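Single-structure report; data block below.
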Amino acid sequence: MKKHAAATFTRHNTFESGGIALSTNQRTAFLHHHDNYAQQLLSAGQFNMSTTRGDQSFYNRNRKFRSKRRSKRKFLGNRFVTVRSEEAIVEPNTVTTADEGQDETVNETQADILGPSERKLAPTPVLQPQDQSDGFRIIHISFLTTLLESVVCGKCKYGRVILKENTERKMGFASSFTFECSTCASSCEMYTSPHCDGSRSYEINRRMVLGLLQIGGGKSSLERLSSVLNMPKVMSDDAYLDTVRKVNDALEKEASFSMEKAAHEEHKIFGSHLKEIVECKAMFDGTWRKRGHSSLQGVVTAISAETGKCLDYETLNKVCFSCARWDRKENDAAKDNWLAHHKCPINFVGSATAMEPEGVKRIYTRSEDSKRLQYTGYIGDGDLKSFSSIKASKPYADKEIMKYECVGHVQKRMGTALEN
């Protein structure tokens with residue numbers, strides 16, 4: 001303490017204290033970390049500042065820089081999630097409840113115990129490795145040919161096996177190979193992919209199309225991929241569109257099953273029978289295919305506030321490319337046949353900004369019949385158009401619908417306003 005009290009600034013830009021001389025950079029670091037302590041010494045008259053203007057202005061500049069600096073906020077967890085005490089934590093896969101002095105154990109998964117925000121912050125579970133003897137592999141055809149040269153025919157026990165590819169019988173990514181014996185001329189044919197269950201389609205074609213759709217690719221991406229891998233032409237346009245339709249049907253079927261299961265969980269949470277109508281809260285939001293409020297396609301989703309799972313969705317489409325293509329052709333038998341079997345996807349007429357209110361209204365209209373649910377709690381993103389249209393339509397007669405604001409959107413917009 002005595003050494004610091006006797007410290008003085010000199011006109012040579014050094015800091016002398018008990019025989020120690022500090023350079024300008026070292027003095028900057030000292031003032032940066034010990035500004036509060038230095039201020040106390042100055043107020044007590046124990047800090048002897050020289051009359052040199054350079055030293056005084058240097059100290060003022062350092063204080064000015066320090067006053068404008070913003071300290072970095074520390075992440076202390078999600079503030080909107082209730083932290084459970086250690087006594088409330090139970091073993092995984094079990095929930096213990098007490099009713100009239102009796103202990104009852106209910107088998108539930110850990111995901112059923114945690115809320116949506118807690119599940120997002122929880123570590124991602126490690127996926128179990130699949131069976132290594134199943135699945136698809138990529139192999140160069142020359143390696144396969146070289147390998148078969150050392151294989152002897154199983155029928156004559158003498159001839160070599162010759163590999164031939166049947167390019168005319170190729171079905172997309174499923175190639176057809178014929179294995180022939182060089183001596184006895186016996187042969188067998190096989191494809192490089194199994195069929196899908198109950199269908200003539202090959203599994204590899206479904207998986208390739210599904211994978212490209214997951215990353216936002218299409219027919220041109222499929223052709224570029226096959227070109228880079230030095231593969232022959234994989235699919236025609238008609239085969240690709242047919243595969244896309246089959247994949248879309250499978251996805252819609254799986255989505256319907258998942259949303260039905262999510263609705264059953266809502267009934268289970270509120271302890272009601274499936275035939276009874278349950279009141280619950282849901283989050284509604286819409287998105288478009290592209291930005292700029294000029295998109296021709298949009299989708300609106302309803303997500304449960306209790307489980308965080310999707311309860312319903314509505315797609316809106318303003319264009320049909322098939323109709324536009326066939327309208328340019330003359331009327332003939334082929335066009336009449338196409339019109340007889342065509343299902344036009346156009347289900348909305350209006351602007352892109354009007355898609356979200358219309359989609360929310362459709363979800364509310366069918367909620368009682370399809371889900372046995374009433375969305376009496378509306379959680380939105382601050383847009384009043386959708387909620388105003390719901391209040392005007394009165395989907396549940398005279399039952400009032402309460403509006404709740406999403407904490408995430410409020411936090412984002414308030415933070416942006418404060419920064420600007």
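The values are calculated or read from the model by the stated rules, or taken from the named source; none is laboratory data. Quick caveat, the model's predicted, so the values are computed rather than measured. Neighbour counts run over all protein chains shown; Cβ positions are idealised from the backbone, glycine included.
In segment 129-153, the residues that are under 22 Å from residue 194 (Cβ atoms) reach residues that are at pLDDT 85 or above and surrounded by 10 or more Cβ atoms within 10 Å (Cβ to Cβ) with C-beta atoms within less than 7 angstrom, at least six apart or across chains, in these pairs: 136/204; 144/163; 148/161; 148/163.
Condition first: basic (Lys, Arg) and either without any contact (Cβ under 8 Å) to a residue 24 or more places away in the chain or not assigned by TED's automatic domain parsing to the domain that holds residue 405 (or both). Now tell me which residues in segment 276-308 satisfy that. It would help to see each step written out before you state the result.
Of all residues in segment 276-308, those basic (Lys, Arg) come to 281, 289-291.
Listed by number, the residues that qualify are 289, 290, 291.
Here the condition is being small (Gly, Ala, Ser), within 28 Å of residue 134 (Cβ to Cβ) and out of contact with any Asp or Glu (no Cβ under 6 Å at 6 or more places or on another chain); of 198, 159, it holds for 198 alone.
A quick yes/no check of all residues on (1) closer than 23 Å to residue 351 by Cβ; (2) without any contact (Cβ under 8 Å) to a residue 60 or more places away in the chain; (3) exposed (fewer than 11 other Cβ atoms within 10 Å of the Cβ):
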| residue | (1), (2), (3) |
| --- | --- |
| 377 | no, no, no |
| 383 | yes, yes, no |
| 389 | yes, yes, no |
| 400 | no, yes, yes |
| 420 | no, yes, yes |
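Residue 382 passes every criterion in (1) part of a loop (DSSP other than H, G, I, E, B); (2) under 23 Å from residue 272 (Cβ atoms) apart from (2).
For (1) closer than 12 Å to residue 302 by Cα; (2) among the small types (Gly, Ala, Ser), each residue gets a yes or a no:
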residue	(1), (2)
342	no, no
349	no, no
354	no, yes
359	yes, yes
362	yes, no
379	yes, no
388	no, yes
391	no, no
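In segment 157-173, the residues that are under 20 Å from residue 222 (Cβ atoms) form Cβ pairs under 6 Å with partners that are aliphatic (A, V, I, L, M) and surrounded by 13 or more Cβ atoms within 10 Å (Cβ to Cβ), at six or more places apart or across chains, as follows: 172/234; 172/235; 173/204; 173/208; 173/234. Of the conditions (1) in contact (Cβ under 8 Å) with a residue 24 or more places away in the chain; (2) loosely packed, with under 14 Cβ neighbours inside 10 Å; (3) not charged (D, E, K, R), residue 210 fails just one. Which one is it? Just one mismatch for residue 210, condition (2). Return a yes/no flag: does segment 223-233 have any residue that is of a type in the set (Gly, Ala, Ser), surrounded by 11 or more Cβ atoms within 10 Å (Cβ to Cβ) and touching a residue at least 60 places away in the same chain (Cβ under 8 Å). No: zero hits.
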